[in-house]
Amino acid sequence: MKRIAIYNIKPEMILAKEVYSRDGRLLLCKGSALNQEWVDKLADYGIPTVYVEGGSAGNEVSVEGSKPAKGMEELKRMYQGNVPDMITIEVREEAERVVQEIMQDVKTGRLIKTNKARKVVENIVTQLINNRHIVGKLADIRILDDYTFAHSVNVCILSISTGIIMGYSKIRLRELGIGALLHDVGKMRIPDEILNKRGPLTEKEFEEIKKHTILGYELLSEHPDITSNAARISIQHHECYNGSGYPWGVRDEEVHEYSKIVAIADVYDALTADRVYKNAILPYEAMEIIIASSGYQFDPKTLRLFVENSEIYPVGSTVELSTGDVGMVVNVNRALPTRPVVKLIIDADGKDITKEMQIDLMNNTTIFVKKILNFRKKAGL
Ligand SMILES: [Fe+2]
């Protein structure tokens, strides 16, 4: 079984797992043969990836069909590994299931099962620490299923990854992780007709939505095993560095570091999760939007760490450029990792480039990385 992006689905591929809509309805049964009609429907439903039979389990991005050129076959042989797993499918699925259960409990007025959430966070912390040598830690989760619950899990993973970069102890990682996992739990106390409304919200409706921060804090602070710093994430994750956020409009020094991390992870994941929609945002665009908000929406110090360590196109990864050329990343600009130096390998016509040719995307701003074809682990690890 392998997970592939829906735009890489080939006719007659067999579905290895059921596909559910955001509201939990069964859309496709396991064993179904996929076709173009269903690919279009999945895109309409906002589902970017599915599991199909064959290959190994993992968060794989299929490179099939990217380029039929002979050079591509060689590249595929050179880079046998696929996108590395930071988190196993089992841990991710369990995390999404637990978030779903907790959200449902909150909706029906039951208490949050914090022990289950703590176990999920513990598993994520352990796997992220064990896999921290794998490069591509942010990029490898950017094509996740856009189910409601996947977002909470993604924000949790991104936040813990950032906490690891910042040198947090395990205790702090757990504290950050549980607050990140449950940061939007207050949304379950917002009426469905507002929460699920399609189209723009009225000012009054937006005021209602804003209350999810306070409601979340109230829910989480009821639990003695959720620390105040973890609970504070729910009330502070929409506050901005310059004081223009909500609910209180507090400024930088009044916002806890955990909340600053989750604020960035929340926006980054929301931007990249929309890739199958008409207004698809590529990872480099999401990162550049976030970088542009430094000092306004986001704390520059926390953001710099998030961006510098994201290595969204790490050295050694193979990328396709907007020109159609394929190349290997040979250098990363730490301040702007979305614009690496790429050594060209195959041209847009699929022909091998034998002459040494490098392109620095910092100096060629009209060209960008269209997609990652493969990652590579850090040398020597
Ligand atoms: Fe939120």
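The numbers here are math on the coordinates, done by the rules we state, and not lab data. This one's a predicted model, so the numbers in the text were calculated from it and none came from an experiment. Glycine gets a Cβ as well: all are built from the backbone with ideal geometry, and neighbour counts include every protein chain shown.
Numbers for the structure displayed
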quantity: Sequence of D299, D192 once ranked by neighbouring C-beta atoms within 10 Å, starting from the fewest; calculated: D192, D299
quantity: Packing-based exposure ordering (other Cβ within 10 Å, fewest first) of F206, F298, F368, F149; calculated: F206, F368, F149, F298
quantity: ³J(HN,Hα), Karplus 6.51/-1.76/1.60, whole Hz, each residue of the stretch 164-171, x for Gly, Pro; calculated: 5, 4, 7, x, 5, 6, 4, 4
quantity: Residues with amide H under 5 Å from that of L28, placed H, sequence gap 5 or more; calculated: V19
quantity: Distant-in-sequence amide H partners of A348 (H built 1.01 Å from N, under 5 Å); calculated: D325
quantity: Under 5 Å, built H, 5+ apart or other chain: amide partners of F298; calculated: Y241
quantity: Residue-span extension gain [S221 to T354] - 0.36 nm each, minus C-alpha spacing; calculated: 41.7 nm
